[in-house]
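Scroll down for the structure; my scribbles are underneath it.
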Amino acid sequence: MHINKLLVFIIVVVVLIVSFSYFRYNTAEITILQNRIEELETENQAIKEYYTAQYELRNKLDLMARKIYAAMNEKDLDTIKNAVTSSTEVLEDKLIFKEDNKEFIFDFSHISEAPTVLRQRYYELSPNRKTFETGYEIILKDAEYIPVITMIFTEEKGEWKLSSILSQ
């Protein structure tokens, strides 16, 4: 009978140790998983904010890009000057974009007065949210090919300004 009591005692102790170990393991695992959930929720919120900002900016800059293109077509230099970065030189028929001791010239003398349609092909906000790149197809009636321009906007003193146009 003494052996039975000892055996029961040992079994109870083993069960308690196993239960305690299981409980400690589950508590640690739960804490790790809760921390991971919080990290993922924070990451998810940041991603949502980025894409919301990108979409809202896309709408605003799309209107601005169309206004700039129309101004180039009409040779409205005042509108163009107000829409470009301070380092950009606006001439009668071209824009000279200056960046890092380099110059990029966009000649808009060739822009046709024929009816054109600008169709946005792509857009992307940089991860640091300081530049926005967008590409447009220039659809001309009876054209043999569809030219594409890339417009890059940069935030300057809290406002978005055109900092580059590249022909593809």
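Values in this text are rule-based calculations from the coordinates and carry no lab data. Quick caveat: nothing in here was measured; it's all calculated off a predicted structure. Please note: Cβ atoms are built from the backbone with ideal geometry, for glycine as well, and neighbour counts cover all protein chains shown.
Worth pointing out:
- Between E144 and A53, the simple spin-label model (points 7 angstrom out along Cα→Cβ) gives 4.5 nm.
- The stretch between E43 and F9, if pulled fully straight at 0.36 nm per residue, gains 7.2 nm over its current Cα-Cα span.
- Placing a label point 7 Å from the Cα of K67 along the Cα-to-Cβ direction, the residues of the range 83-107 whose backbone N falls under 12 Å of that point are 83-84.
- Acute angle (nearest 10 degrees) that the helix 2-74 long axis makes with the longest principal axis of the chain, alpha-carbon atoms: 10
- The calculated Kirkwood hydrodynamic radius for the range 2-167 is 20.4 Å, given to one decimal from all distinct C-alpha pairs.
- Only one residue of F97, S86, I47 has its Cα farthest out toward the positive end of the dipole of the range 2-167, where Lys and Arg carry +1 and Asp and Glu -1 on Cβ, and that residue is I47.
- Think of it as helices only: each DSSP H run of n ≥ 4 in the chain is worth -39500 (n - 2.57), and spread over all residues that comes to -17500 deg cm²/dmol at 222 nm.
- Packing-based ranking of 160-167, 43-50 yields 160-167, 43-50, ordered from highest to lowest mean Cβ neighbour count within 10 Å.
- Sites R119 and D76 - FRET efficiency at Förster radius 25 Å, r taken between beta-carbons, to 0.05: 0.65
- Using a cut-off of 28 Å between Cα atoms, the listed pairs K48/K141; K67/K141; K48/K161 include K48/K141 as exceeding that distance.
- The order of L6, L125, going from fewest to most other C-beta atoms within 10 Å of their C-beta, is L6, L125.
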